[in-house]
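Below: the structure, in structure tokens.
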Amino acid sequence: MRAKNSLAIKMTQSIKLTTDQIRLISLFQNVTKTTARDCLDDEKQDKIIFVVNEGKMGLAIGKGGSNIKSLQNILKRNVELVEHFDDPIKFLKNILNPKFVNEVKLDTKQDGSSQAIVIVDQGKKGLVVGREGRNAERARLFAKRYYNISSVQINSPTITQLEM
């Protein structure tokens, strides 16, 4: 029990929340009856992204998306949810859409920083990266915030055709 609490404290200490973020998390928790572990205001895309604990996504969304709709009506902004995983590979796969991600490799660069290399099929790369790179940017933001991964590269292997 003690180890679990100290982990939670360590996690909280590494991520600093502003007063606005705390207010938004409190509102989220009142509406959804679930705990949000983090919240980011994405002003570029005019949305608020909440991070929920593993396994709590359905509860947070609500029946037929009712909780999300309520939050969006209250905040007058789009709301997006991201499910947190302790494993950075699982987290990145999930944030970028696990249906389209073949593999995630973590690597340490020569300067000591960490990077994630996401392998996707050539035809699905656009879906994974998202319009104007939105999904990729969100993945980079959270990878840095939670796992100190400085870069996320999304690659698709080139297909070479064999002549018969």
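Does Ser151 meet the test of being open to solvent by less than 30 Å² (accessible area, probe 1.4 Å), among the hydroxyl-bearing types (Ser, Thr, Tyr) and more than 24 Å from Gly55 (Cβ to Cβ)?
Values: open to solvent by less than 30 Å² (accessible area, probe 1.4 Å): yes; among the hydroxyl-bearing types (Ser, Thr, Tyr): yes; more than 24 Å from Gly55 (Cβ to Cβ): yes.
Against the criterion (open to solvent by less than 30 Å² (accessible area, probe 1.4 Å), among the hydroxyl-bearing types (Ser, Thr, Tyr) and more than 24 Å from Gly55 (Cβ to Cβ)), Ser151 qualifies.
Residues that are part of a strand (DSSP E or B), of a type in the set (D, E, K, R) and at pLDDT 90 or above: does segment 144-156 have at least one? Quick ask: steps written out before the conclusion?
Initially, segment 144-156 is screened for residues part of a strand (DSSP E or B), giving 149-155.
Filter once more, keeping what is of a type in the set (D, E, K, R): none.
Checking segment 144-156: not a single residue is part of a strand (DSSP E or B), of a type in the set (D, E, K, R) and at pLDDT 90 or above.
Does Phe28 qualify as being modelled with pLDDT of 90 or more, assigned to a helix (DSSP H, G or I) and surrounded by 19 or more Cβ atoms within 10 Å (Cβ to Cβ)? Spell out how you get there, then give the answer.
Values: modelled with pLDDT of 90 or more: yes; assigned to a helix (DSSP H, G or I): yes; surrounded by 19 or more Cβ atoms within 10 Å (Cβ to Cβ): yes.
For Phe28, the condition - modelled with pLDDT of 90 or more, assigned to a helix (DSSP H, G or I) and surrounded by 19 or more Cβ atoms within 10 Å (Cβ to Cβ) - is met.
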Subject >> Matching residues, segment 27-50, being out of contact with any Asp or Glu (no Cβ under 7 Å at 6 or more places or on another chain), among the basic types (Lys, Arg) and closer than 13 Å to Leu71 by Cα >> reply: Lys33
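The values are calculated or read from the model by the stated rules, or taken from the named source; none is laboratory data. Just so it is clear, the structure is predicted and the values come from calculations on it, not from any experiment. When we count neighbours, we look across all protein chains shown, and the Cβ atoms used for this are built from the backbone with ideal geometry, even at glycine. Note: areas computed on protein heavy atoms with side chains; ligands, DNA, RNA excluded. Shrake-Rupley method; radii C 1.70, N 1.55, O 1.52, S 1.80 Å.
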